[in-house]
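The values are calculated or read from the model by the stated rules, or taken from the named source; none is laboratory data. Note that the structure is predicted; figures quoted are calculated from it, not measured. When we count neighbours, we look across all protein chains shown, and the Cβ atoms used for this are built from the backbone with ideal geometry, even at glycine.
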Amino acid sequence: MVDIKNIVVLGAGLMGNGIAQVAIMAGYNVIMVDVKQEFVDKGMASINKGVNRLEEKGLLTAAEVLGRIKISLDLASAVKDADMVIEAVVERMDIKKQVCKTTMDNGPSHIIYASNTSTMDITEIGEDCGAPERVSGMHFFNPVPLMRCIEVIRGDKTSDETFQISMDVAKSFPCLRGERYIAPVLKSRPGFIVNRLNAPVGIYSHYIRDLAYEKGIPWEQLDADYAVLKSPMLPGVLSDYVGIDTSYYGGLYYAEKLSPDFKPGKVITMMFNEKKLGRKTGQGFYDWSEGRPTPDTSKKAGLVDFDIIAAIRMNEGCRLLEQGVAKSYTVIDDANMAGMNTPGPFARGKDRYKELVKKLEEFVALTGKTYLTPCETFKSGKFLEMA
Ligand code: 3HC
């Protein structure tokens, strides 16, 4: 089994610099690569801030940890002595395939390429690189040092050794908020487990947001409907935090790969076109110029039906079981809790599935969103045997 010591992190943005930080905290030698000096400098500034904050708390020696990282603008030379590349570049298939090939063309014959894509097919990313058996997925959650979950994804050509090494490396990355949870994703399907589970809720969110916009209802009143869930972030704040462009591109990808029902709604499309991308541009659903917004949730819109959301997530969870992407509904619930700090659908809803199936059938009849039609494993309750 290859011994991983040197890791190249490709992309110094929000996810890339978080991955580089936990890698140097774990003891790996890291080269962080991006295309512009300003990008690697901004990424290093974020890592310096995080590591120095941990030194203040007496949790590590900053000079020792920061001594393990270098920066570069040249992927081909950076991978020369690398054992693994973890790629966190923009969600574009053409770019991911190109950097995967550059890695295999310039790296040692044992190098492993792991993509942090949020949704894209691992098999397709590696298909032209010449060594698809050494390509896997390693999907982190934002912010990487605090979110426990890492999904490790197996492409159709990924070897057992590559999959096991990717699981082991993921397990070795520290987390500041509890034990790392490594979710094995047994087949590469759009969105893997956690994002896939929540993606169809986007169909409902687009429907509700467009409705609220037509009625002139302020975003904080719509978010107030969700306050009862006590999630760490309200939906409008979380969309801004993750980035409106990430949701927009994700919606387009699912619309291409799964169903046109995923096409981004009027509101999200308008914001994308107006570059209101959330935290990264300072304005999204909310203004971020004063830091993380705290919406007033005293007045509700009264539009949201949580049973429809619960039914959509359970139905999609059942699809993941049907397709063999996840081996049990416990893995699905645990991955969601570790990736989003919110409960998965099964723990909450499995005893009410018949009622939820009926609710979902009514919503499909009302809206024509046929992608949400309950699947056989959900309708029959067969998922109960897959704990
Ligand atoms: N290094 C070291 N310390 C860090 C750090 C870093 N890089 N980043 C944050 N911290 C520390 C901060 O310094 C602070 O500690 P301090 O108060 O002692 O200084 C602490 O961590 C965080 O404090 P916050 O007040 O910011 O923390 P919260 O209690 O509000 O929790 C949160 C923050 C965990 C982000 C919480 O708001 C949350 O769970 N939000 C939801 C996030 C989520 O859902 N993420 C998943 C998005 S989906 C995704 O990523 C998938 C992708 O494919 C799109």
Restricting the search to the stretch 12-30, which residues are more than 9 Å from the ligand (Cβ to nearest atom), in contact with a strand residue (DSSP E or B) (Cβ under 8 Å, 6 or more places away or on another chain) and closer than 22 Å to K171 by Cβ? G16, I19, A20, A23, I24, Y28, N29, V30
Of the residues in the stretch 42-63 that are touching a strand residue (DSSP E or B) at 6+ places or on another chain (Cβ under 8 Å) and more than 11 Å from the ligand (Cβ to nearest atom), the one that is farthest from P143 (Cα to Cα) is M44
R92 is checked against (1) modelled with pLDDT under 95; (2) crowded, with 22+ Cβ neighbours inside 10 Å and fails just one. What number does that condition carry? (2)
Residues in the stretch 279-310 that are of a type in the set (S, T, Y) and over 21 Å from G216 (Cβ atoms): how many? 3
Count of residues meeting criterion [within 14 Å of the ligand (Cβ to nearest atom) and among the acidic types (D, E)] in the stretch 64-91: 2
Would you tally the residues in the stretch 249-259 being surrounded by fewer than 21 Cβ atoms within 10 Å (Cβ to Cβ) and away from the ligand (no atom under 12 Å from the Cβ)? 6
Any residue in the stretch 180-204 that is in contact (Cβ under 8 Å) with a residue 24 or more places away in the chain sitting within a Cβ distance under 8 Å of a residue that is among the basic types (K, R) and within 12 Å of the ligand (Cβ to nearest atom)? List the pairs, counting only those 6 or more apart or interchain. R180/R148; Y181/R148; R189/R196; P190/R196
Top-ranked residue in the stretch 51-96 [being of a type in the set (K, R) and assigned to a loop (DSSP other than H, G, I, E, B); ranked as nearest to I111 (Cα to Cα)]: K80
So S118 ticks every box in (1) under 20 Å from D156 (Cβ atoms); (2) among the small types (G, A, S); (3) modelled with pLDDT of 95 or more but one. Which box is left unticked? (3)
Residues in the stretch 106-116: is at least one within 12 Å of the ligand (Cβ to nearest atom), touching a residue at least 24 places away in the same chain (Cβ under 8 Å) and in a loop (DSSP other than H, G, I, E, B)? yes
Could you go through the stretch 174-186 and let me know if any residue there is of a type in the set (S, T, Y) and modelled with pLDDT under 95. no
Could you figure out which of (1) within 24 Å of the chain's Cα centre (by Cα); (2) more than 18 Å from I150 (Cα to Cα) isn't true of A76? (1)
The number of residues in the stretch 322-364 that are in contact (Cβ under 8 Å) with a residue 60 or more places away in the chain and β-branched (V, I, T) is 4
Working carefully through the options S289, S231, S239, find the one that is closer than 30 Å to D121 by Cβ and part of a loop (DSSP other than H, G, I, E, B). S231
From the list E161, E220, pick out the single residue that is touching a residue at least 24 places away in the same chain (Cβ under 8 Å), farther than 25 Å from R279 by Cβ, in a helix (DSSP H, G or I) and away from the ligand (no atom under 16 Å from the Cβ). E161
